[in-house]
Every structure is written in C-alpha cells, then in structure tokens.
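Visitor: For reference, the structure I am asking about is given below.
The values are calculated or read from the model by the stated rules, or taken from the named source; none is laboratory data. Note that the coordinates shown come from a computational prediction; the quantities given were computed from them, not determined experimentally. Ideal geometry is used to build each Cβ from the backbone, glycine not excepted, and the neighbour counts take in all protein chains shown. SASA here: full protein model, heavy atoms, side chains in, ligands and nucleic acids out. Shrake-Rupley method; radii C 1.70, N 1.55, O 1.52, S 1.80 Å.
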Amino acid sequence: KNQVEQSPQSLIILEGKNCTLQCNYTVSPFSNLRWYKQDTGRGPVSLTIMTFSENTKSNGRYTATLDADTKQSSLHITASQLSDSASYICVVSKNTDKLIFGTGTRLQVFP
Amino acid sequence: KAGVTQTPRYLIKTRGQQVTLSCSPISGHRSVSWYQQTPGQGLQFLFEYFSETQRNKGNFPGRFSGRQFSNSRSEMNVSTLELGDSALYLCASSLGDRGDEQYFGPGTRLTVT
C-alpha cells in the first residue's frame, strides 16, 4: 500500500533551536518527494522537491535529505524563527503523477 | 504574477444542499488539481483537470464533481452535502507537465451544519 508517514505528529521548540522532521514512505514507483510548509488558514507552499538521484537540497534555513534506498526523508530547520510555526507536509509522487500526502508535522516555535 | 485564487474563502451550508467552489489558476497554468484537507485525514486528492478534461481522479464518491473552462479556471461541485464534507478545499495549479511544481491557493473553508 502506498503510504507516507511523518513523525513526530507535533513538535514544540524554542526560538533559535534546530529541529528535524521525519518522513518515511512506501510509495512505489517513486518519482519525487516534496516538502511543503502550510501556515494556519493558508494553502501549502513548496519548500523543496527532490528526485531519486538527489540526496540533499537546501532552501535557506531548510535542508531536506533523501535516502531512496531506505525510503526516508528528513527536513532540518536551522536556527528556528517564530515564523517557522506551521504544519510541514511530506508529499511523495508516483511515476503516474499521483501524489501521496503525509498527514504532516505541526511545529510550534516559542520565544 | 498573481497567485492561485479561490472563492469563496468561507462557506456555511446545511446538510443536503449543494455547493460550488471556484479556482482561478496562475496565468499560463493549464492544470488544476483539487484537494480536501481535514484534521484527521490530511490532504486527499479529489481530481485533476488539464485542458478542460479530467486527467486524474481520487477515491471520492460521485457527489464530488468538477469541471474546467477554456481559460483554465475550474469549479468543484459537491451535491447532497454531508456533515463529513466539512473541510478545507484546496486547489493547486501547475503548467501541466509531469513533475511540474504545484502552487496552492488559500483554500475554501466549508462548514456543513
């Protein structure tokens, strides 16, 4: 069954700290993996997109990694800011273009 | 370039009614996808339209339907509303080729009472 599982479900950190969000998937055949950030009441915004051959991709303070062998991805946030408070959604695309969404990690950054 | 716009932003309906939601994609984008987002289920794919034709479909009942116009604007219709249809409905547009980035709109918050 094609699934995308994210952990933790929720996370609370202090401003300035780093954190890592996890995404494990069983989707096959794999096309690409995306991380989205969704602020409350808004649509998701793309952070990174990685294909099979890419191991790491950065977007400012956000760094995503992909291990296609173990079917795991992580999103590392460096020096967190209050504006990082949001839900982070991992999305895996099959070769058929079908997107499989994770249920997200809710991150709260406190001052 | 203007982003994806959705109207209305908020909607309250009663059970049994029907509703139509609208999505205007980014200029030049030919693909529009619709998603339902609920706290328990996350984002679930409803359907995708490309050049006025439904190209992909998720696992939703026939009460959920959509269409796309020649200017790529899309509408989604839900008939005979149920309480469980309360959700945030998001649309996303892309150029339309495989792997193209999807850009999401702000969503329509539908509440069914």
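Visitor: The conditions are (1) within 22 Å of A:VAL92 (Cα to Cα); (2) open to solvent by 50 Å² or more (accessible area, probe 1.4 Å), and B:SER27 fails exactly one of them. Which is it?
Guide: (1)
Visitor: Where in the range A:23-91 are there strands (runs of 3 or more DSSP E), lying fully within it, with 1 or more residues that are away from chain B (no Cβ under 12 Å) and closer than 21 Å to A:ASN2 by Cβ?
Guide: A:30-38, A:62-67, A:72-77
Visitor: Now, a different point. Any chance you could count how many residues in the range B:49-78 are touching a Lys or Arg at 6+ places or on another chain (Cβ under 9 Å) and open to solvent by 40 Å² or more (accessible area, probe 1.4 Å)?
Guide: 5
Visitor: From (1) within 14 Å of another protein chain (Cβ to nearest Cβ); (2) of a type outside the set (A, V, I, L, M); (3) part of a loop (DSSP other than H, G, I, E, B); (4) touching a Gly at 6+ places or on another chain (Cβ under 7 Å), pick out the condition that doesn't hold for B:CYS91.
Guide: Among (1) within 14 Å of another protein chain (Cβ to nearest Cβ); (2) of a type outside the set (A, V, I, L, M); (3) part of a loop (DSSP other than H, G, I, E, B); (4) touching a Gly at 6+ places or on another chain (Cβ under 7 Å), B:CYS91 violates only (3).
Visitor: Does at least one position in the range B:7-22 carry a residue that is in contact (Cβ under 8 Å) with a residue 12 or more places away in the chain and within 11 Å of another protein chain (Cβ to nearest Cβ)?
Guide: Residues of the range B:7-22 in contact (Cβ under 8 Å) with a residue 12 or more places away in the chain: B:7-22.
Those left that are additionally within 11 Å of another protein chain (Cβ to nearest Cβ): B:9-10.
The answer is yes; a qualifying residue exists.
Visitor: Residues B:LEU83, B:LEU90, B:LEU43, B:LEU95: which one is open to solvent by 40 Å² or more (accessible area, probe 1.4 Å), within 22 Å of A:SER93 (Cβ to Cβ), out of contact with any Lys or Arg (no Cβ under 6 Å at 6 or more places or on another chain) and of a type in the set (A, V, I, L, M)?
Guide: Values: B:LEU83 fails: within 22 Å of A:SER93 (Cβ to Cβ); B:LEU90 fails: open to solvent by 40 Å² or more (accessible area, probe 1.4 Å); B:LEU43 fails: open to solvent by 40 Å² or more (accessible area, probe 1.4 Å).
None of the other options fit; the residue is B:LEU95.
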